[in-house]
Ligand code: HEM
């Protein structure tokens, strides 16, 4: 590993690289701003007096929040695709600094002191995060097409994309909360301590 981002036990090189961390930061920022701008379209900021806060009057403007939503939707799609391509082939299951080639092996290696269940739960929450991001992108693209002038999509598709967008908005929040909760419990419960891509010894 080049530079000061050395490979640590339990973390992949791609996760620790400057590029990997910058893309993750971009993902987090875009998701947070998509929540903020998406909720602005519900619209709730006027009702809860957010628009009265100095500097936040614009949050009551539907087109301002929509523009923000479009900008960060583009940022999310870019960062997400980059993230997948960047980690593809470089990443894998890292347990105690050792790359293991399949899920069963990784889980068994991590199985000491009842850590096995955390491994499975963490992976499950990560899968849910990915599924919900993909659902948001797919349903979001349908909604963008719907908003184009002179486009008339079937009513059933509009209802489905709106329902999926809203459901995934909720489930992404739940799966992120679950992910951080599991990491917290796992750190509290036992040594060795886990990183999100494996186990490291304290
Ligand atoms: C973390 C990701 C995202 C979250 C939490 C999110 C959340 C929301 C919410 C809460 C709404 C308002 C409810 C609704 O109209 O259904 C909304 C609307 C919308 N979102 Fe997203 N969204 C996300 C990503 C995206 C992406 C990636 C796209 C585009 C590719 C997108 C495009 C849209 C569009 C076009 C609307 C409807 C604007 C309208 O016609 O009124 N969203 N989003």
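The values are calculated or read from the model by the stated rules, or taken from the named source; none is laboratory data. Source: prediction; values computed, not measured. Neighbour counts run over all protein chains shown; Cβ positions are idealised from the backbone, glycine included.
Looking at 50, 71 in this structure, which one is within 16 Å of the ligand (Cβ to nearest atom), over 21 Å from residue 165 (Cβ atoms), modelled with pLDDT of 95 or more and not assigned by TED's automatic domain parsing to the domain that holds residue 180? Explain how you work it out, then say what you get.
Numbers: 71 fails: over 21 Å from residue 165 (Cβ atoms).
Of 50, 71, the one residue that is within 16 Å of the ligand (Cβ to nearest atom), over 21 Å from residue 165 (Cβ atoms), modelled with pLDDT of 95 or more and not assigned by TED's automatic domain parsing to the domain that holds residue 180 is 50.
Would you be able to tell me the number of residues in region 45-69 that are within 30 Å of residue 18 (Cα to Cα) and either in contact with a strand residue (DSSP E or B) (Cβ under 6 Å, 6 or more places away or on another chain) or surrounded by 14 or more Cβ atoms within 10 Å (Cβ to Cβ) (or both)?
2
When you scan region 118-128, do you find a residue that is within 8 Å of the ligand (Cβ to nearest atom), at pLDDT 95 or above and either under 17 Å from the mean Cα position of the chain (by Cα) or not in a helix (DSSP H, G or I) (or both), even just one?
No.
Going by the conditions given, is residue 183 surrounded by 17 or more Cβ atoms within 10 Å (Cβ to Cβ) and at pLDDT below 90?
Here the answer is yes, as residue 183 does meet what is asked.
Quick test for you: out of 81, 23, 100, 31, pick the one residue that is in contact with a strand residue (DSSP E or B) (Cβ under 6 Å, 6 or more places away or on another chain) and either modelled with pLDDT under 95 or not assigned by TED's automatic domain parsing to the domain that holds residue 168 (or both).
Just one listed residue meets the conditions, 100.
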